[in-house]
Amino acid sequence: MTPAKKLSFDNSYARLPEGFYSRQLPATTPQPGLIRVNRDLATALNIDADWLASDDGLAMLAGNQMPEGADPIATVYAGHQFGSFNPQLGDGRAILIGEVLDQQGQRFDIQLKGAGRTPYSRGGDGKSPLGPVIREYIVSEAMFAMGVPTTRALAAVTTGEQVYRDQVLPGAILTRVAKSHIRIGSLQFFAAKGQTDAVETLLNHLIQRHFPDAESADIPALAVFTEVMHRQAELIAQWQSLGFIHGVMNTDNMLLSGETIDYGPCAFMEEYHPGKVFSSIDAQGRYAFGNQPAIAQWNLAQLAQCLLPLLDENMEMAVEMAQQVLNEFPDIFFSAYRQRMAAKLGLTSCDEDDEKLYQDFLALLEQEKCDFTLAFRRLSELSHSSGEIESIADIFTFSDTFSPWLARWQTRQQQDPLQPSQAQQQMLAANPVFIPRNHLVEEAIQTATQDGNFDRFHQLLTVLEQPFHYHSQWQDYARPAKPEERVLQTFCGT
Ligand code: AMP
Ligand code: MG
């Protein structure tokens, strides 16, 4: 038997014309060390997991040796950062080493994040400290386990180098996997220069890769825009239903594939509050929890702007078309969100009265400063007494203030066509009990950075693999931070 190929590349982005990227080898690293390989993901991507964990695999993950077929590039993009347009961004600390096809034939980018300087690094060193690598690994894999479209973590390695920030920190590289890394900002880069041909080239690439149905549409650019809008609406509805705050929804951090990307200053909310902000650099609260849907729509408007010349020769007509699609966003978002809230409350659907039901629940959570995740989880337990599931009652119960609301909800549940046991199953599958809480992520980062100990990191990943299954021996991973453990701010990975 011939040994399975360790991995085979097919690099479609690197076949685009030169202006879309710069060829760039990763920097070499003095003393790489493997932290973790995501074996299941490797296997799904047709990458030999044993090879990946071997010295040869490590040499690739650390940027020291590119395997046959790799064609490392840094891609160029622009973007609106906190509302202001920056015409020149790009992969400043990330290198796309190539694309692979998974077992279903779906194409994925393999990118080394923290692999050294590129022509787009500006003043930066192109490196990443260990902390952001650990954070992204944990949070992106947790999002995946909760069913949210997201980039993923294939591996994490230390480089043996020191990285200089406000303190000296160990360097590390995350291997990131994405359906593609094409951002709203990728189109903005060319559109801002008036390079409509390049916008069209990239659009065609996107159609091949993510939107094959758009090819035969009357106006392919409009079909792509509509589909991106739907995927964004669905994605943000998922974020809102889980209490996830992205933290830096700049247009260069919004993927057209509809996956979540860029786990920098992100956080899962504990106490519910729509104005919640964790990002240290978001002084105005632009990317606060409750603003995320509106920001997504604002970002889509920037995308529409890029596509106008491809919609119609007549600019007024083009604007009219784009506007029509954009105007649908709130409805599409709310219908996706309502459906998710219905699932969280154990209902088949959500009409106007039910909307009031979840709004009142959220208002109570806010008033009583309740943990968003545990409140919904506890509700799932109360929906049916099956005796088969372990309860979180030791770490969360509702105060008497909730009694009238709980009675209302129980009456509504009785009118629902769902059987109580089915309703409970639905709720348990929609309301995670384990989320990557800030203090847990921080603890994993601190022990790794200070002591070189990755036990907390590995253990947390094990718990988060099954976010919907509670085991009381893992109670410490489910409870909110104690006052002294609270993490009030999160930071960009830079
Ligand atoms: P972000 O806010 O993480 O999305 O990054 C915004 C821009 O800054 C992107 O173009 C990044 O490539 C670039 N960047 C961030 N950190 C670094 C770094 N350490 N070295 C070089 N470029 C960086
Ligand atoms: Mg970014």
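The values are calculated or read from the model by the stated rules, or taken from the named source; none is laboratory data. What you see is a predicted model; the values in this text were computed from it and never measured. Virtual Cβ from ideal backbone geometry, glycine too; neighbours counted across all protein chains shown. Note: accessible area is taken over every heavy atom of the protein model, side chains too, but ligands, DNA and RNA are not part of it. Shrake-Rupley method; radii C 1.70, N 1.55, O 1.52, S 1.80 Å.
Picking from residues in region 257-272 that are open to solvent by less than 10 Å² (accessible area, probe 1.4 Å) and over 20 Å from HIS230 (Cα atoms), the one that is farthest from ligand 2 (Cβ to nearest atom) is MET269. For the criterion of being closer than 24 Å to HIS210 by Cα, within 16 Å of ligand 1 (Cβ to nearest atom) and open to solvent by 20 Å² or more (accessible area, probe 1.4 Å), GLN302 passes. Might you let me know whether region 222-240 holds any residue that is among the small types (Gly, Ala, Ser), under 19 Å from GLN323 (Cβ atoms) and away from ligand 1 (no atom under 16 Å from the Cβ)? Within region 222-240 (the criterion being among the small types (Gly, Ala, Ser), under 19 Å from GLN323 (Cβ atoms) and away from ligand 1 (no atom under 16 Å from the Cβ)), the answer is yes, since at least one residue qualifies. Of all residues in region 110-125, those that are free of Cβ contacts under 8 Å to residues at least 40 places away in the same chain have Cβ atoms under 8 Å from Cβ atoms of residues that are within 7 Å of ligand 1 (Cβ to nearest atom) and small (Gly, Ala, Ser), 6 or more apart or on another chain, in SER121/GLY92; ARG122/GLY92.
In the set (1) outside the structural domain of LYS127 (by TED's automatic domain parsing); (2) open to solvent by less than 40 Å² (accessible area, probe 1.4 Å), LYS6 fails one condition alone, (2). Listed conditions (1) open to solvent by less than 20 Å² (accessible area, probe 1.4 Å); (2) of a type outside the set (D, E, K, R); (3) free of Cβ contacts under 8 Å to residues at least 40 places away in the same chain are all met by LEU347, apart from (3).
Could you tell me whether region 312-326 includes any residue that is outside the structural domain of GLN111 (by TED's automatic domain parsing), surrounded by fewer than 20 Cβ atoms within 10 Å (Cβ to Cβ) and within 16 Å of ligand 1 (Cβ to nearest atom)? Within region 312-326, none of the residues are outside the structural domain of GLN111 (by TED's automatic domain parsing), surrounded by fewer than 20 Cβ atoms within 10 Å (Cβ to Cβ) and within 16 Å of ligand 1 (Cβ to nearest atom).
Which of the residues belonging to region 96-143 are under 18 Å from the mean Cα position of the chain (by Cα) and of a type in the set (Ser, Thr, Tyr)? Matches in region 96-143: TYR137, SER140. Checking each residue in region 151-187 for being open to solvent by 10 Å² or more (accessible area, probe 1.4 Å) and of a type outside the set (Lys, Arg) picks out THR158, GLY160, GLU161, GLN162, TYR164, ASP166, GLN167, VAL168, LEU169, PRO170, HIS181.
Within the span defined as region 38-46, one or more residues are open to solvent by less than 70 Å² (accessible area, probe 1.4 Å), of a type in the set (A, V, I, L, M, F, W, C) and closer than 30 Å to GLN292 by Cα.
Of all the residues in region 273-290, those that are surrounded by 19 or more Cβ atoms within 10 Å (Cβ to Cβ) and not in a loop (DSSP other than H, G, I, E, B) number 2. For region 327-344, which residues satisfy the criterion of being more than 30 Å from GLN424 (Cα to Cα) and surrounded by fewer than 17 Cβ atoms within 10 Å (Cβ to Cβ)? Of everything in region 327-344, those that are more than 30 Å from GLN424 (Cα to Cα) and surrounded by fewer than 17 Cβ atoms within 10 Å (Cβ to Cβ) turn out to be ASN327, GLU328.
When you look at LEU488, is it more than 27 Å from LEU347 (Cα to Cα), out of contact with any helix residue (DSSP H, G or I) (no Cβ under 8 Å at 6 or more places or on another chain) and among the aliphatic types (A, V, I, L, M), yes or no? Taking the combined requirement at face value, the residue satisfies it.
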